[in-house]
Amino acid sequence: MLNEGKEKSKILLVEDSMTQATLLKRLLQSYNYDVVMADNGLNGSIIAKEIMPSLIISDVNMPVMNGYEMCKLIKKSEEMSNIPVILLTELSSSDDIIYGLECGADNFIIKPYTEKSLISRIDYLLATSRIRKSDGAGMGIELSLGSKTYMINSEKRQILNLLVSTYEKTIDQNRQLKEKEQELIALNAVLEKRVLEETARRMEKEQLLVQQSKMAEMGGMINAIAHQWKQPLNVISAMAQDLDDAFDYGQMDKEYLVSVRDTILKQVEFMTRTVDDFCGFLRPSKDKITFDIKKSIEEIVMMFSPYFRKSDISLNVILIEENVSAIGYPNEFKQVILNLINNAKDAIELTRGKTGHPADGRIDIGVTKEGGHLRVFVADNGGGIAEDIIDRIFEPYFTTKELHKSMGIGLYMSRTIIENHMGWRLTAANAGDGAEFVIEI
Ligand SMILES: Nc1ncnc2c1ncn2[C@@H]1O[C@H](COP(=O)(O)OP(=O)(O)OP(=O)(O)O)[C@@H](O)[C@H]1O
Ligand SMILES: [Mg+2]
């Protein structure tokens, strides 16, 4: 309601804070009220007497004279007692209500208040002020609260107004609390959904990376298998060529046939075993088991030594500790070792022949025990990792190699396997004339 078309009601605003007073004045003016201001209770009571406002709105805490005292003065004065007084209070204790009743205030506006509640309270008080004039004074009541006794002379309507205004505030706060609670519940649900989505996305991404790294490994495996097969295939091919000669020279007796058959079967058996070994290695381990680290390392070295030797790189097992077992996934552990030795091989091949770098590649794999913890290391003489990238090598898709050959996920996967799946640690450093990767178990 904009109070339009009527004679402007005059409101006396008693407030010591200039900012608060100006804001409130503007608000009241926008609702077409005439506003006069006073900066403390004493001045308020003097001005009130002078201008006889339709309503007084007063702050409580003010210098010189506070709002309660001013209200008491006004309500005691015969000519002014009918002017409704609204107190602006924070209502921090029940004493505030008692003080309000005691001083005869007509209404409370509890800070912080909304524009709507303030204006509707003013309208209500102005509309009922005539009725109030005829509502005789109530009987005095003595009220004890805590250690103090108060004398309440308020009218019934005033008591009701005050109680309703505090009750309204409580209801309003309760509603706000409920709204906030609903907002929190909704927010929580959104957050939970996001966490689930994010987890699913991460798992999908990790799954994809595992798949990609498997494919990359498979490429390396096929090279290794091809290399392992070369020797037996050469033997079989030589035997096949020999069959003609043996026939021409009449050497093809039973004994000759048995020897050819045994040699071929032996080579085929070797070839089958190679494939079985590699396939078994690619299969992920199902459960965490106690496995022999020494055996796992030796198996890897046995499978890959011939292939590495072809590139003039020696794979050396330096096992300082005996009986080194750990709980984890053995095949994944072997995949990590393979990633590390493949990286070492790449580094050696890149630096080989350059000044200051040895011609012979060397990769040492070993296990030591430190402070009750096992430490598996893979060290090479490939020149090491440049200091400006050493912090990034475990990031997914970080590579310094040709992009069509490498994806840069070997170390990311290795760390995921070692740290997330096994709960161990994988770190890198430069040592001697190359890099050293360490798995702390
Ligand atoms: N032993 C090492 N010596 C020197 N640099 C290394 C060594 N191991 C890793 N790096 C560096 O870390 C980078 C990341 O290695 P990572 O195994 O994650 O990826 P990649 O070998 O480049 O590619 P991918 O393994 O996917 O084929 C390498 O590109 C290389 O620059
Ligand atoms: Mg790699």
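If you take the residues of region 403-413 that are in a loop (DSSP other than H, G, I, E, B) and surrounded by 14 or more Cβ atoms within 10 Å (Cβ to Cβ), which of them is nearest to the chain's Cα centre (by Cα)? Within region 403-413, the match that is nearest to the chain's Cα centre (by Cα) is I409. Taking region 1-85 as the region of interest, the helices (runs of 4 or more DSSP H) fully inside it that hold 2 or more residues being among the hydroxyl-bearing types (S, T, Y) are 18-30.
The residues in region 177-211 that are under 30 Å from M407 (Cβ atoms) and either without any contact (Cβ under 8 Å) to a residue 24 or more places away in the chain or in contact with a strand residue (DSSP E or B) (Cβ under 7 Å, 6 or more places away or on another chain) (or both) can be counted, and the count is 15.
Does D16 fit the bill of being surrounded by 13 or more Cβ atoms within 10 Å (Cβ to Cβ), out of contact with any helix residue (DSSP H, G or I) (no Cβ under 7 Å at 6 or more places or on another chain), of a type in the set (D, E, K, R) and touching a residue at least 40 places away in the same chain (Cβ under 8 Å)? So D16 fits the description; yes.
Of the residues I390, I385, the single one that is buried (at least 19 other Cβ atoms within 10 Å of the Cβ) and part of a loop (DSSP other than H, G, I, E, B) is I385. The selection criterion, being at pLDDT 95 or above, more than 13 Å from ligand 2 (Cβ to nearest atom) and either in a strand (DSSP E or B) or under 20 Å from I439 (Cα atoms) (or both), holds for I363.
Within region 48-77, residues that are in contact (Cβ under 8 Å) with a residue 40 or more places away in the chain reach partners that are charged (D, E, K, R) and not in a loop (DSSP other than H, G, I, E, B) with beta carbons closer than 7 Å, at six or more positions or on different chains, in the pairs I51/K10; P53/K10; S54/K10; G67/D59.
Tell me, yes or no, whether region 367-374 has at least one residue that is surrounded by 17 or more Cβ atoms within 10 Å (Cβ to Cβ), assigned to a strand (DSSP E or B), within 11 Å of ligand 1 (Cβ to nearest atom) and in contact (Cβ under 8 Å) with a residue 12 or more places away in the chain. Checking region 367-374: not a single residue is surrounded by 17 or more Cβ atoms within 10 Å (Cβ to Cβ), assigned to a strand (DSSP E or B), within 11 Å of ligand 1 (Cβ to nearest atom) and in contact (Cβ under 8 Å) with a residue 12 or more places away in the chain. The single residue among D312, D248, D262, D253 that is modelled with pLDDT of 85 or more and at positive phi turns out to be D312. When T416, T400 are checked against the criterion of being among the hydroxyl-bearing types (S, T, Y), within 16 Å of ligand 2 (Cβ to nearest atom) and part of a loop (DSSP other than H, G, I, E, B), a single residue qualifies: T400. If only residues of region 235-286 that are under 30 Å from E298 (Cα atoms), without any contact (Cβ under 8 Å) to a residue 40 or more places away in the chain and polar (S, T, N, Q) are counted, the one that is surrounded by the most Cβ atoms within 10 Å (Cβ to Cβ) is Q267.
The values are calculated or read from the model by the stated rules, or taken from the named source; none is laboratory data. Nothing here was measured: the structure is a model prediction, and the numbers come from that model. Quick reminder, even Gly has a Cβ in these numbers, built from the backbone with ideal geometry, and neighbours come from all protein chains shown.
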